[in-house]
Number of protein chains: 2
Amino acid sequence: MTAVFDGLPARADQAAAFLKGLASPHRLLILCALAQGERNVSTLIAETGMAPTSMSQHLAKLKDEGVIDVRRDHRTLTYFIVHPAAVQVMDVLHAHFCGSLQAD
Amino acid sequence: MTAVFDGLPARADQAAAFLKGLASPHRLLILCALAQGERNVSTLIAETGMAPTSMSQHLAKLKDEGVIDVRRDHRTLTYFIVHPAAVQVMDVLHAHFCGSLQAD
DNA sequence: TTTTCAATTTCGATATTTATGATATGATCG
DNA sequence: CGATCATATCATAAATATCGAAATTGAAAA
């Protein structure tokens with residue numbers, strides 16, 4: 001009986017940390033943009049209307065969590081999604097909160 | 001350019017609130033159990049080892065968010081998952097954090 | 001109707017998250 | 001080298017989430 005969930009708590013911690021990484025309106029907006037293709041920080045700021053500091057912090061969090069990664073192009077930093085589960089979660093969210101035939 | 005994300009912020013808020021509802025190790029443990037079938041509170045407490053107060057609070061949160069619902073059976077309350085997106089997210093998490101051929 | 005059992009609500013302490021302003025880094029252009 | 005542009009880091013305050021203990025509800029058994 002105590003064995004029913006053996007090992008689960010550890011995985012639950014990981015999974016919860018991953019979900020927390022996505023669970024913010026700002027970060028979802030960022031991921032929504034990145035889902036359409038990689039973007040540099042200035043572009044993300046322009047598209048989302050977020051403050052630069054806030055953007056940096058959210059990008060850092062997503063990067064720490066392994067959801068996105070960066071590449072340096074000349075003077076700008078280009079971010080892109082790298083976590084497969086993140087893409088799948090975004091798909092689920094899109095289907096449920098944005099309808100199925102929306103252009104966005 | 002300001003129109004690129006028209007209407008998105010509102011949906012991002014909803015989606016983020018939904019994700020926040022799931023984003024806790026305790027609540028994932030609860031949902032893991034409920035994914036295998038409905039359960040009453042005592043059973044959930046026994047299976048997860050959580051304190052009763054904590055269990056109630058997490059169940060309340062999941063219910064507020066529309067993820068689960070309750071039914072009263074004689075003297076006990078039986079909870080079950082009702083949100084389709086929650087099931088899908090759990091599937092994604094399971095595939096990525098628990099491997100694909102685990103009994104759990 | 002009194003007791004009992006299952007579960008919830010309330011409350012206060014602690015921890016985590018978030019936003020914001022100021023400062024710092026680091027690559028490039030002149 | 002010195003200025004500048006893109007972005008990150010630091011510091012702190014405000015908001016939010018979490019946990020445990022004690023008290024409460026509400027249905028049913030006696």
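Observations, loosely collected:
- Matching helices (runs of 4 or more DSSP H) fully within the range B:3-104 where at least 1 residues are under 16 Å from the mean Cα position of the chain (by Cα), within 13 Å of chain A (Cβ to nearest Cβ) and β-branched (Val, Ile, Thr): B:25-35, B:41-48, B:84-97
- Pairs where the first residue, in the range A:55-73, is in contact (Cβ under 8 Å) with a residue 60 or more places away in the chain and the second is of a type outside the set (Gly, Ala, Ser) and more than 9 Å from DNA strand D (Cβ to nearest atom), C-beta under 6 Å, 6+ apart: none
- Some residue of the range A:71-85 being under 30 Å from B:Thr48 (Cβ atoms) and surrounded by 14 or more Cβ atoms within 10 Å (Cβ to Cβ): yes
- Residues of the range A:33-45 satisfying the condition of being exposed (fewer than 14 other Cβ atoms within 10 Å of the Cβ) and among the small types (Gly, Ala, Ser): A:Gly37, A:Ser42
- Residue in the range A:4-14 that is touching a strand residue (DSSP E or B) at 6+ places or on another chain (Cβ under 7 Å) and over 21 Å from B:Ala23 (Cα atoms) present: no
For (1) touching an Asp or Glu at 6+ places or on another chain (Cβ under 6 Å); (2) modelled with pLDDT of 95 or more; (3) of a type in the set (Gly, Ala, Ser), each residue gets a yes or a no:
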site: B:Ser24; (1), (2), (3): no, yes, yes
site: B:Leu29; (1), (2), (3): no, yes, no
site: B:Ala35; (1), (2), (3): no, yes, yes
site: B:Arg39; (1), (2), (3): no, yes, no
site: B:Leu44; (1), (2), (3): no, yes, no
site: B:Leu59; (1), (2), (3): no, yes, no
site: B:Leu62; (1), (2), (3): no, yes, no
site: B:His74; (1), (2), (3): no, no, no
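- If the condition is being within 8 Å of DNA strand C (Cβ to nearest atom) and closer than 18 Å to A:Val87 by Cβ, then the range A:59-74 contributes only A:Lys61.
The values are calculated or read from the model by the stated rules, or taken from the named source; none is laboratory data. All values reported here derive from a predicted model rather than from experimental measurement. All Cβ positions, even for glycine, are placed from backbone atoms using ideal geometry, and neighbour counts span all protein chains on display.
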